[in-house]
Amino acid sequence: MNDHRNSPFRDASLDRSTASHVPDTPQTRSSSYRLAFADDEFMFREELRPVRLQLELLKPQLMLDEHQIESTIVLFGGARIPRPADADKARTETLRKLAHFYDEAREFARLMTRKSIQSGSREFVVATGGGPGVMEAGNRGASDEGGKSIGLNIVLPHEQAPNEFVTPELCFNFHYFAIRKMHFLMRARAICVFPGGFGTLDEMFESLTLIQTGRMDRVPFLLFGKSFWDSIINWDALEEAGTISPQDLDLFRFVETAQEAAHIIDNWDPAPPRTDIPGR
């Protein structure tokens, strides 16, 4: 990344290069002599965790700002949702039946990217977790339309790589789940949740909680596939138990198709701020 600011101070990258060519002595071989920002052993110390958290928040922020990304359309959804062409290979019958949501996510991302291109690719930029399944479909739809899309990947114990459709310059990798989720929501113009597992549920409920408690502005919050969500979450039981309020069920809408979701976003009329302070 080029820094075009005028500064009388010597550039840090130049000093790092210079320091790698100093004479080899017991003093220069000592770990204490390494430049702090170029010393992996130092940067990975437990005490440096706050610095690593800050860096992980700051790097994507700066790069998205440089690409003038002002708002995003967030797609959450399962990595195991297969492409329709591969539905017969799905591990369960339910996954096979959910395969059509791959195409819905792809078409929805294409429609949103058309809006994004009209804004100069600053608004309505599709953002996914950068992986397979629904995430791949979202990035693929943006690519179909010839636009940009964001992928927010995370390091997992098993080998993985970003899907091939993420815009390379907008493909990020994270260590901290919490910072990754912040970047999902910091620019969110809408949140769209497709069927998925633990990760999708975690992302969905954290986002809903932020909106419910007034820590985040209300945006279109769309759940694709009413029958799926009703089969795994008893929304009415939560209300009847009193653990959520009736108004909380109005924070999201069920949709089935890309066109239905796009229509809601195109005609979104923000609700007035809530005056109650709901329990969680």
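So here's what we get for this one:
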| quantity | calculated |
| --- | --- |
| GNM result for the chain, Cα springs below 10 Å: residue of Phe42, Phe228, Phe76 fluctuating most strongly | Phe42 |
| Separation of the Asn267 and Ser245 label points, Cα + 7 Å toward Cβ, nm | 2.7 |
| The stretch 204-260: C-alpha gyration tensor shape, a/c 1.5 cut-off, then a/b vs b/c | oblate |
| Distance from the stretch 224-245 to the stretch 31-105 (C-alpha centre basis), Å | 28 |
| Amide N proximity, the stretch 65-88 versus Lys97 label position 7 Å along Cα-to-Cβ, cut-off under 19 Å | 78-88 |
| Average projected area [Cα convex hull, the stretch 141-202], square nanometres | 5.1 |
| Taking the stretch 56-265 and dividing mean pair separation by its residue count, relative contact order in percent (alpha carbons under 8 Å, at least six apart) | 22 |
| Calculated on alpha-carbon atoms, Rg and Dmax of the stretch 56-265 in Å | 16.3, 48 |
| Mean ellipticity per residue at 222 nm, deg cm²/dmol - from DSSP H runs of n ≥ 4 across the chain, formula -39500 (n - 2.57) | -12000 deg cm²/dmol |
| Within straight-line cross-link reach of Lys181, lysines at Cα separation under 28 Å, skipping those fewer than 8 residues along the same chain | Lys59, Lys115, Lys148, Lys226 |
| Under 19 Å from Lys89, Cα to Cα: aspartates and glutamates that are on another chain or at least 8 residues apart | Asp103, Glu136 |
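Bear in mind these aren't lab numbers, they're just calculated from the coordinates by the rules spelled out. It should be emphasised that the depicted structure is a prediction, and the values quoted were computed from it without experimental measurement. Using ideal geometry, Cβ is built from the backbone for each residue, glycine included, and neighbour counts are taken over all protein chains shown.
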